[in-house]
Each structure stands twice: as C-alpha cells, then as structure tokens.
Amino acid sequence: MRTTRLLRASAVSAAVAAALSTAAPAAVARDGMSISPSNILALPSVIARGGQLTITVDGCPTGGTMSSSAFRIANLTPFPGVRGSSKGVVAVDINASPGTHGITINCNGRTLSNPAAFSVIGGVRGGLGGSTSDGATPTDVAIGGGLVTAAVVGGGLFWMRRRAERRA
C-alpha cells in the first residue's frame, strides 16, 4: 500500500513539474526583458535596384532599426493588428550590387541577422527592348537597303505598267 501512495505522489509531482516547465518560458516572454527579434521576412525576396522592400520581424513589439548593404538604416514600426511584430519599408539603393544581401535588425537592444534575406537583380535597359548593341549592324544595313531597293524597283515597275495601259 505504501508503494502505491509513493507512485501516486511521484506521478503528481512529475505532472506539476511538467506544467510549470511549460509555463515558465511564457512568463519570461511576457515581462518584456527577454523579447528578442526573430523571423526576418523580406518581401519580395527578389527585387530590382530602386524597388521597395517590405521587412517584417516577429518578436519586436516596440519597433527598432534595420540595416543592410543594399539600403540605408531605416526604422521598424510596430505592425498594426499583429501583436509583437514590427515592419518597415525601404527603397533598395539604385547602385546596390546584384546578388544576395543580408539584413540586420536591432530591437530592444538585441540584434538578429539574416545573411541571405533577399536578392537584388541587375537593372533592365529600359527603352531598348533588351537590346545589347548600340546601333545597326552591317547585316541590318544590308537587309534594310535590300528592302528599300526592292520597294523602289517594284514601285517603278508598277508605275511604268499603269502608264503603258493608258496609252493602249
């Protein structure tokens, strides 16, 4: 009978210890001292130079700062409607180097880095249709000249034929 009581007491003690161990981290997180940034999300994850990038950080309820090699230091503000998160919008520098870039977050005196948060792609040569040449190539000139010659000869033959029909 004593062993049954002893087993029950140890089972109850184990259950209480398990309940307290899961409740303790939640209590520490609520006091504000142990809140640290986590889960850096940059959208879009692939962006052209000069585009706008939105960064969201969990575990940063009071805001903070963010920095990267692709943009200047900017502020994070508390995200409305999402408790414990902050966000910020930045413009990627027009001269940012193509490739993968990291983001460093400073929130509540704690730092979090994501070394591969987003990628910058090279700019597009707008207005040139993706062309990489600076002018007409010799082949383009030959084709164009041949088309103009064919049009002049064809027009001349048509005009001469119509003139001959009027005389007859």
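The values are calculated or read from the model by the stated rules, or taken from the named source; none is laboratory data. The shown structure was predicted, so the numbers you read here are calculated from the model rather than taken from an experiment. Ideal geometry is used to build each Cβ from the backbone, glycine not excepted, and the neighbour counts take in all protein chains shown. To get the accessible areas, we keep the full protein, side chains included, count just its heavy atoms, and leave off ligands, DNA and RNA. Shrake-Rupley method; radii C 1.70, N 1.55, O 1.52, S 1.80 Å.
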Original post:
Rounded to the nearest 0.05, what FRET efficiency do Asp140 and Ala48 have when you use their Cβ-Cβ distance and R0 = 30 Å?
Top reply: 0.50
Subject >> Solvent accessible area, Å² - Phe158, 1.4 Å probe, full protein context >> reply: 140 Å²
Subject >> Placed amide H near Ala48: partners under 5 Å, 5+ positions off or other chain >> reply: Ile121
